[in-house]
Each structure stands twice: as C-alpha cells, then as structure tokens.
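Below is one structure; the comments refer to it alone.
Only the coordinates and a few stated rules stand behind these numbers; no lab work does. Being a predicted model, the structure only gives us computed values, none of them experimental. Neighbour counts run over all protein chains shown; Cβ positions are idealised from the backbone, glycine included.
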C-alpha cells in the first residue's frame, strides 16, 4: 500500500480501513508522544496501558455501541 493511499485515508478519517483495532493504541501513543513534544510524561508502556485506561471510561449505553450491538441482536433474532 502506498504512502499516498495511507495519507488519503487518514485525511478522510478512514484510518480504520488500514489499521485494525490492535494498532490504534500504538498510533495514539505515537500521537501523544508527538503532541507532548519533549514535555515530561509517563511514556513507559503507554500503548499497552491505553486500552484498559480507555475501556474504563466507555459508556456502553451510548449510541456508538449500536454498531456492535445491532448485529448481535440480528443473530439472536435468527435463533
């Protein structure tokens, strides 16, 4: 995949078409490192800590979860 194609997906906010979920923490950790620009912060194992830190703040009753819940409802309706 070409760099231009990757950059095009990123500019459209479609990075998920290239990078699957397991890569998001690494990408986010890289972004945090860039944004901190040398300011002190605890970067040791940051990518590994991000998923659990984020998961504790998620509200699974919000509308974004329908993307995941509706397919499960559809399967259950078929049973």
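Round to a whole angstrom and tell me the spacing of the C-alpha centers of the range 3-17 and the range 24-74.
What the calculation gives is 19 Å, centre to centre.
Note the angle between two axes, namely the Cα long axis of helix 21-36 and the longest principal axis of the Cα atoms of the chain, as a number of degrees from 0 to 90, rounded to the nearest 10.
Its long axis makes an angle of about 30 degrees.
Where does helix 66-78 land angle-wise versus the long Cα axis of the chain, in degrees 0 to 90, nearest 10?
Computed tilt is about 30 degrees.
Cα axis of helix 46-55 to longest principal axis of the chain: angle in degrees, 0 to 90, nearest 10?
With both axes taken from Cα atoms, the answer is about 30 degrees.
In what order do 41, 9 fall by count of nearby beta-carbon atoms within 10 Å, going from fewest to most? Please report the intermediate quantities before stating the final value.
Working: 41 11, 9 16.
Listing 41, 9 from fewest to most nearby Cβ atoms yields 41, 9.
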